[in-house]
Structure formats: C-alpha cells, structure tokens
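Take a look at the structure below.
The values are calculated or read from the model by the stated rules, or taken from the named source; none is laboratory data. All values derive from a computational prediction rather than experimental measurement. All Cβ positions, even for glycine, are placed from backbone atoms using ideal geometry, and neighbour counts span all protein chains on display.
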Amino acid sequence: MYERSIKDPAGFWSEIADAFYWKEKWNPSEVCSENLDVSKGPVHISWFKGGKTNICYNAVDRNIEAGNGDKIAMYWEGNEPGQDGKLTYSELREKVCQLANYLKSVGVGKGDAVVIYLPMLLELPIAMLACARIGAVHSVVFAGFSADSLAQRIVDCKPKLVLTCNAVKRGPKPILLKDIVDAALVESEKNGFSVGICLTYENQSVMKRQDTKWQAGRDVWWQDVVTNFPTKCDVEWVDAEDPLFLLYTSGSTGKPKGVMHTSGGYMVYTATTFKYAFDYKPTDIYWCTADCGWITGHSYVTYGPLLNGAAVLVFEGTPNYPDAGRCWDIVDKYKVSIFYTAPTLVRSLMRDGNEYVTRYSRKSLRVLGSVGEPINPSAWRWFYNVVGDSKCPISDTWWQTETGGFMMTPLPGAWPQKPGSATFPFFGVQPVIVDEKGQEIEGECSGYLCIKKSWPGAFRTLYGDHDRYETTYFKPFAGYYFTGDGCSRDKDGYHWLTGRVDDVINVSGHRIGTAEVESALVSHPQCAEAAVVGVEHEVKGQGIYAFVTLVDGVPYSEELRKSLISKVRTQIGAFAAPDRIHWAPGLPKTRSGKIMRRILRKIAAKQLDELGDISTLADPGVVDQLIALKDC
Ligand code: 6R9
C-alpha cells in the first residue's frame, strides 16, 4: 500500500476518499495540486478540489445511516470517579444539531470564526462538530491558557462568539473558567475587538449559575437557549478546500501561529491514519488522553475516530486523581482496547510504581499509542511490559499540528518495533533527511527532517500570514516542507526523532516558544532581559530554564523569583511556568548582540566542560559570572 501511495497518490487517495459521502465529487484531474517551491511562485496545496462535503455529516450522520445510530459514539468520564455519561451516534447528532441551530440563529454562518474555550466535557467535541456542520471555522483554545493568551487568539481570528463554561475541576482544584474569559474579553476589547456573545455552559456540579459573574446582554446560558432548538439541522455543504478550523501553535517568535486546516483532505487523512495506525476494529473502545485544545484532541479524540464510527472515551480529569491508578481503573471500567497517550504521562505514572497498574486487570487493552515527543526507551519498555503486559504493540506516532495527522508510525504488528523509534512513514508521506545545505542524505545518517510532496492532511496556510507560512516552513530548505525537527535514520531505515532544532521547547508534549516565555518575563517591570532554553526533565521531557537579568540595582530575592514565574503563568498559562530561574548579571552575546543559546543550554544542563569556543563572545567574562550564580 505504501508503494502504491507514493507511485500513484491521486489513485490511492481517491479510492479511499470514495468511501466518504461527497455531495459533489472532486475534479478527477485535481485530486492533488501543489507547489512547495517558493522559487516557482506562492506555496499552495490543495486536495480533492471541486469536491463538496461536510466532515460533521461524515463523522456523525453517515454512521447513523449505516445502521449504527444506537452505537455509543462517546463515553464521558468526569473528574470525580463515578461521574460519567454517554451518547449514542443518534443522540450526538441531536446535540450537535441543537447547537448548530442556535449558532445559526445568532448569525454564525459559513466561514465565521467561533472560539471554543472549554474543558473536556462532551460539549467540547459537540461544539466543534456543530461549527463544522454549518461551515463555521472553530478555533479551540486549550482551557489551560491564560486570559492574555486567549485574548491574543480572539483578537487574531475575530470570532462571532465565544463558547465556554463557568467552572471546572481539575483534580481537587476548581478553576473559574468564566472569570478567565471575562478578563480575556476585556483585554481584546482594549485591542480593538469586542465579542458579541459569550455562550456559557453551566457546569452545575462545580458551580451554580447564581455564583457566576455575569454580563447581561453579552453572556448567555447554554442550557437556557440551546435546548430549545430543533434536534435536526441541515448540513452546509462546503468545498473540500474551505477552512475547517484554526489552531494556534507556538513558533520561534512570540506571536502564535494560526494553523489552518481545510475540510476534505483533513477528513480523509485523519480517518485513514486512525484506522491503520491503531488497527481499528468496530468493537474497539478507544481512549485518547489528549485535550481537544491540542491537535491530538482534534484529529484523534474527535474527527478521526468518529469518522470511523468508533466509540470514544472523553476524560475530563487528570491521570493521578484521586490516585495514580485512575487510568487503569478507567480502562477496566470501559474495557478500553486502544489507549493513546503521551510519554510524559507514561513517565509520571512509571515513577509512582507498578502496583497502581497491576492492581487492575487491563485485559481489554490491545493497542497502545504515544505522541507529543520522543518516547525514551525506558518509558517505552515500561509502557509495553507493565501497562500492556508485553502483548500490545505501541504506535509511536510522530506528527505535528501542521501535519493534521500521523506522519510516521508503526502499523501494529506489521513490522518489528524498536523502542523509541517512530519507525516508518505513513501512506503517502515521503520523509527526507537533509544536511545544512538542504541536500538529501541517504542511508544511515542524521540531519533535518523534511517532507517531500504534500499529503491530504497538510495545513494550507497560517491564518492571515501566508508569508510567515512560506518563510517558516518552505524557505529553509527549497522545495520541501521543513518540520523543525531533527531526525536520524539507522541502518535498517528506522527513523529516530531527536527533538526540535528551532527555538521551540517541548514541555510535557506541549510546544512552547522560548520567545513567548521571554516576552512574558521581560514584561515584568524588574526584568531587563531574559533568555530561555530547554533542559532535560525526568517527567516533562523538557523543562523551562530561564536566565534573567534584572534592572540595575534590583536585588535577587525569592519573592521576585516567584513574581517572575507568576508573570509567565498569567501571560501564557501554568503549563509554561519556568522550572528554574537563573539570575544573570549579563547574558553571553556575540559582538553583533545575538544571545548564544548554545552556551546557555550547556550551563543549564550543567555540562560545563562542554561550553565550546567562547572567544567570539563580546564579553567572555559573563560565562564565569553565570556559573558562579548557578545555585542562586
Ligand atoms: C501531535 C503533536 C509537534 C512536535 C513535533 C515533535 C514532537 C510529536 C512525536 C514527537 C518524537 C513523536 N513530537 N510526536 N517527537 N516522537 N512520536 O504533538 O503536535 O503539539 O504540534 O507538536 O512534537 O518535535 O515537531 P504538536
């Protein structure tokens, strides 16, 4: 199949796409059209041009029409054990239609943006599907982002409406989401954009409506309006290349990038990757621990599985609440057969000991999956031997927000695995490893990972900034999509991802731009300058290590350290809080003023005998000062 997908991509993908419902078929001569080479004109990618479809119809209605209306589409397990729910495909369609009808009634239509800031309630995938049904463009913002980050995204995509809920509990801790949204709406208004409607779901088990701050005229209770609408709603047929969603992700500059995915290619790609990479069978119960606020939750909690008619488990809580056995308790409760998670979760549960795992049967498990960062071989082995009882293959799926779906992954049982390797490319994907000059290198090697040719799930642009799209992804190596990752290939042709080669750090599988953290730190009135690097972290993969130069005369203090960290929490979100602040009287800079991060990374990693050549620094003395202050 792989060979065919490369030799005849149009034929290969057309046959697969034929299994979906298209209101109008695509133009057979335009299955794929692309230019990835900036020297030949603007970069563009399109798939199934001329086709008209709807991903919500294919993910929901098509399953009902196939006779599976009574099959469970989604199970919901709440934060507290014992709190649960479920929806059949028919019930899911009713909920989606009611919300879609409400959205239409307030003037949301095709092409309009809707921002969704919700925790993992079923209302989150329902909201995504409702937007897709009427051709609106959803932009889900992970509900761990701060008010400032939410405001920045709102100002960029100018939604007709924001969807949220009043409060949520994460573990033992209540979080007042609506307060965060209120602050974000004030902030976006200051920046010239005001949101007309804030549709708020009353999460009654956590907070009653009378306790929720309210702005009459703007705020509307979900339960008051949505349930009054009809449970049927016509589908808006959209062009294959119409936008489906925007998802903001971090880049190497401070401003997040609005990654844009379109409808047709994304639909075909997420469905196909899901089916093969997890060896999906209709009897499976599938659980992906990702939040819908990230791409994994878009492609592999919502669209990919539902497009296959799967039963998906949505989990609101955290893996160690009430204790470290929660995941396996859930696996047994629902008889989960496919379990897809991140290395950071594996490492953190591994630390808590085997007892929490072996206490549960886990006998329903069949396939395991990993995503977000390279999985280190010791975590891989623990996942395989202890969690999977040495019988479940692990699909180590390498991909990105930009790629829409899996790019490299083992196919369970199809070829021998190597712990820590994402193995080989998925159908239609042609990875190449290039050197600094952009020359492809063959055989056993390591270098920069690029992709030759497009694939249906590829992102089509960065919202409102096609120039940045070309500059970031297509200019570094002419003619290729540049992933931002380093990669090596071994003698058997297996691929080993070695992490980001740009200024992006990967903390617990979350991408964070060093520039974003730096700009949050320097917005502190007592911070003169900051430089952030990633440092190895036992559980999170990478931790955030910040070198901070204070304004002249300000003394170092514990209080100041805390207030710098809290600045990052409020500007980005708690998940981006630095693990270490290292006071820096000065930063190592070249004579042209460029910070030499290479040196900072070595200092952070305590590899002081590997600092390399520091003679090109404007003031080599700063290195000794930094080392002297390492324990401050
Ligand atoms: C899906 C997702 C993308 C970056 C990517 C890479 C890292 C993801 C990986 C992996 C090694 C894997 N990454 N999966 N590295 N092995 N299986 O995580 O998207 O948030 O955009 O992050 O994550 O560095 O470039 P996103």
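Would you be able to say whether some residue in region 168-181 is in contact with a strand residue (DSSP E or B) (Cβ under 7 Å, 6 or more places away or on another chain) and in a loop (DSSP other than H, G, I, E, B)?
no
Go through (1) in contact with a Ser or Thr (Cβ under 8 Å, 6 or more places away or on another chain); (2) part of a loop (DSSP other than H, G, I, E, B); (3) within 16 Å of the ligand (Cβ to nearest atom); (4) at pLDDT 95 or above and name the single condition S421 misses.
So the condition that S421 fails would be (1).
Restricting attention to region 3-47, which residues are closer than 27 Å to R468 by Cβ and surrounded by fewer than 19 Cβ atoms within 10 Å (Cβ to Cβ)?
Scanning region 3-47 gives E30, S33, E34, N35, D37, V38, S39, K40, G41, P42, H44.
Quick one: in region 496-520, of everything that is of a type outside the set (G, A, S) and in contact with a Pro (Cβ under 8 Å, 6 or more places away or on another chain), which residue is farthest from the ligand (Cβ to nearest atom)?
If we take residues in region 496-520 being of a type outside the set (G, A, S) and in contact with a Pro (Cβ under 8 Å, 6 or more places away or on another chain), then V517 is farthest from the ligand (Cβ to nearest atom).
On the given criteria, is G413 on the phi > 0 side of the Ramachandran plot and either in a loop (DSSP other than H, G, I, E, B) or more than 23 Å from the chain's Cα centre (by Cα) (or both)?
yes
Condition first: surrounded by fewer than 24 Cβ atoms within 10 Å (Cβ to Cβ), touching a residue at least 40 places away in the same chain (Cβ under 8 Å) and part of a helix (DSSP H, G or I). Now tell me which residues in region 261-295 satisfy that.
Once the filter is applied, which keeps residues that are surrounded by fewer than 24 Cβ atoms within 10 Å (Cβ to Cβ), touching a residue at least 40 places away in the same chain (Cβ under 8 Å) and part of a helix (DSSP H, G or I), region 261-295 yields only Y276.
Would you confirm, using the coordinates I've provided, whether E402 is under 24 Å from G509 (Cα atoms) and acidic (D, E)?
Yes.
Keeping to region 331-362, report how many residues are among the small types (G, A, S) and in contact (Cβ under 8 Å) with a residue 60 or more places away in the chain.
2
This table checks each residue for (1) near the ligand (Cβ under 9 Å from one of its atoms); (2) of a type in the set (A, V, I, L, M, F, W, C); (3) touching a helix residue (DSSP H, G or I) at 6+ places or on another chain (Cβ under 8 Å); (4) in the same structural domain as H261 (by the TED database).
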| residue | (1), (2), (3), (4) |
| --- | --- |
| E355 | no, no, no, yes |
| P377 | no, no, no, yes |
| K391 | no, no, no, yes |
| W398 | yes, yes, no, yes |
| Q417 | no, no, no, yes |
| V432 | no, yes, no, yes |
| E436 | no, no, no, yes |
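Within 12 Å of the ligand (Cβ to nearest atom) and of a type outside the set (D, E, K, R): is that true of L462 in this structure?
It is false that L462 is within 12 Å of the ligand (Cβ to nearest atom) and of a type outside the set (D, E, K, R).
Tell me, please, whether a residue that is of a type in the set (K, R) and surrounded by fewer than 21 Cβ atoms within 10 Å (Cβ to Cβ) can be found in region 550-565.
Checking region 550-565: at least one residue is of a type in the set (K, R) and surrounded by fewer than 21 Cβ atoms within 10 Å (Cβ to Cβ).
Among D242, D234, D224, which is the only one that is of a type outside the set (G, A, S), in contact with a Lys or Arg (Cβ under 8 Å, 6 or more places away or on another chain) and under 22 Å from I126 (Cβ atoms)?
From the options D242, D234, D224, the qualifying one is D242.
Checking the condition over 27 Å from the mean Cα position of the chain (by Cα) and either part of a helix (DSSP H, G or I) or at negative phi (or both), which residue from S14, S5, S46 passes?
S14
Would you check if T590 is polar (S, T, N, Q) and surrounded by 14 or more Cβ atoms within 10 Å (Cβ to Cβ)?
no
If you go through region 328-337 one residue at a time, do you hit one that is over 26 Å from W76 (Cβ atoms) and either surrounded by 20 or more Cβ atoms within 10 Å (Cβ to Cβ) or within 16 Å of the ligand (Cβ to nearest atom) (or both)?
no
Name the one entry in C198, C97 that is touching a helix residue (DSSP H, G or I) at 6+ places or on another chain (Cβ under 9 Å) and assigned to a helix (DSSP H, G or I).
Exactly one residue qualifies, and that residue is C97.
Which one of the conditions (1) buried (at least 21 other Cβ atoms within 10 Å of the Cβ); (2) of a type in the set (V, I, T); (3) at pLDDT below 95 does T318 fail to meet, given that it meets all the rest?
Every condition holds for T318 apart from (1).
Within 16 Å of the ligand (Cβ to nearest atom), of a type in the set (S, T, N, Q) and outside the structural domain of E373 (by the TED database), is that true of Q542?
For Q542, the condition - within 16 Å of the ligand (Cβ to nearest atom), of a type in the set (S, T, N, Q) and outside the structural domain of E373 (by the TED database) - is met.
Residue-wise test of (1) over 19 Å from V259 (Cα atoms); (2) in the same structural domain as L247 (by the TED database); (3) surrounded by fewer than 24 Cβ atoms within 10 Å (Cβ to Cβ).
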{"residue": "Y102", "(1), (2), (3)": "yes, yes, yes"}
{"residue": "A132", "(1), (2), (3)": "no, yes, no"}
{"residue": "C157", "(1), (2), (3)": "no, yes, yes"}
{"residue": "V181", "(1), (2), (3)": "yes, yes, no"}
{"residue": "E187", "(1), (2), (3)": "yes, yes, yes"}
{"residue": "K190", "(1), (2), (3)": "yes, yes, yes"}
{"residue": "S205", "(1), (2), (3)": "yes, yes, yes"}
{"residue": "K208", "(1), (2), (3)": "yes, yes, yes"}
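Where in region 430-527 are the strands (runs of 3 or more DSSP E), entirely inside, with at least 2 residues that are at pLDDT 95 or above?
Ranges flagged: 430-434, 445-452, 481-489, 495-500.
Would you check if there is a residue in region 201-214 being part of a strand (DSSP E or B) and in contact with a strand residue (DSSP E or B) (Cβ under 9 Å, 6 or more places away or on another chain)?
Yes, because at least one residue in region 201-214 is part of a strand (DSSP E or B) and in contact with a strand residue (DSSP E or B) (Cβ under 9 Å, 6 or more places away or on another chain).
Being in a helix (DSSP H, G or I) and hydrophobic (A, V, I, L, M, F, W, C) is the filter here; which residues of region 561-599 pass it?
Listed by number, the residues that qualify are L564, I565, V568, A574, F575, A576, I599.
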